Amino acid sequence: MQKHFEYSYTHQLTEDEYITIVNSYSFVSNIFRVVGFAIVGIACLFSWYTFILGVIILVSIIIKIFLPKLVQRGLQNDYQKRRILKQPISYSVTDSELRLSSDGISYESSWNHLVSWKEQAGWLILKPSGVDALYFRVSDMKKAGIYDSVIEHAEKYSGKYRS
């Protein structure tokens, strides 16, 4: 039998918080690896047999360098367009349901509708079907003593896959 739990809080996400939480792309490559691939790519340009491979390697490096900025711009646009994020939102989780409410919006769902979950940048993100994600600070949930129960439910209803 699973333990009963309930946790609620209200928070207004800032644009910086939203970008940090939602951004799944991070440039954490080892600089030596990038330089190594660049050297191989340039070396490939000197032979007709490997020229295409060299171009592909160099274009991939350029994309990897500029992709984080493109992703950040897209997330800034997303934040600006989503009115709900610009007001305080109440997030709740219990052993039987997930809830999100704000001015003019209310959503509640059973755990059966949890599509995916992940932990990123110190936040637990629960994504039920057909609604915005629910964002919970991991440290606050651990202080409240419900983190393990919530993770157990997330794994049970959407699997161990973290999207």
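Taking the options Ser109, Ser158, Ser139, name whichever one is closer than 24 Å to Asp16 by Cβ and over 15 Å from the mean Cα position of the chain (by Cα).
Numbers: Ser109 fails: closer than 24 Å to Asp16 by Cβ; Ser158 fails: closer than 24 Å to Asp16 by Cβ.
Matching residue, one of Ser109, Ser158, Ser139: Ser139.
Hey, among Tyr107, Tyr18, Tyr7, which residue is at negative phi, hydroxyl-bearing (Ser, Thr, Tyr) and touching a Phe, Trp or Tyr at 6+ places or on another chain (Cβ under 7 Å)? Steps first, please.
Details: Tyr107 fails: touching a Phe, Trp or Tyr at 6+ places or on another chain (Cβ under 7 Å); Tyr7 fails: touching a Phe, Trp or Tyr at 6+ places or on another chain (Cβ under 7 Å).
Checking each option against the conditions leaves just Tyr18.
Residues in segment 119-136 that are of a type in the set (Lys, Arg) and either surrounded by fewer than 16 Cβ atoms within 10 Å (Cβ to Cβ) or not in a strand (DSSP E or B) (or both): how many? Please lay out each step first, then the result.
Keep residues of segment 119-136 that are of a type in the set (Lys, Arg), which gives 127.
If we keep only those that are either surrounded by fewer than 16 Cβ atoms within 10 Å (Cβ to Cβ) or not in a strand (DSSP E or B) (or both) too, we end up with none.
Final tally of qualifying residues: 0.
Kindly evaluate Phe32 against the criterion of being in contact with a helix residue (DSSP H, G or I) (Cβ under 8 Å, 6 or more places away or on another chain), outside the structural domain of Ser129 (by TED's automatic domain parsing) and either on the phi > 0 side of the Ramachandran plot or of a type outside the set (Val, Ile, Thr) (or both).
On the way: in contact with a helix residue (DSSP H, G or I) (Cβ under 8 Å, 6 or more places away or on another chain): no; outside the structural domain of Ser129 (by TED's automatic domain parsing): yes; either on the phi > 0 side of the Ramachandran plot or of a type outside the set (Val, Ile, Thr) (or both): yes.
Answer is no for this residue.
So, of the residues in segment 65-91 that are more than 17 Å from Asp16 (Cβ to Cβ) and in contact with a Phe, Trp or Tyr (Cβ under 7 Å, 6 or more places away or on another chain), which turns out to be surrounded by the most Cβ atoms within 10 Å (Cβ to Cβ)?
Tyr91
Kindly provide the set of residues from segment 81-104 that are outside any strand (DSSP E or B) and touching a residue at least 24 places away in the same chain (Cβ under 8 Å), ordered by number. Steps first, answer last, please.
Of segment 81-104, the ones outside any strand (DSSP E or B) are 81-88, 95-96, 103-104.
Of everything in segment 81-104, those that are outside any strand (DSSP E or B) and touching a residue at least 24 places away in the same chain (Cβ under 8 Å) turn out to be Arg82, Ile84, Leu85, Lys86, Gln87, Pro88, Asp95.
The values are calculated or read from the model by the stated rules, or taken from the named source; none is laboratory data. Keep in mind it's a predicted model, so treat the numbers as computed, not measured. As a convention, Cβ positions derive from the backbone with ideal geometry for all residues, glycine included, and neighbour counts pool all protein chains shown.
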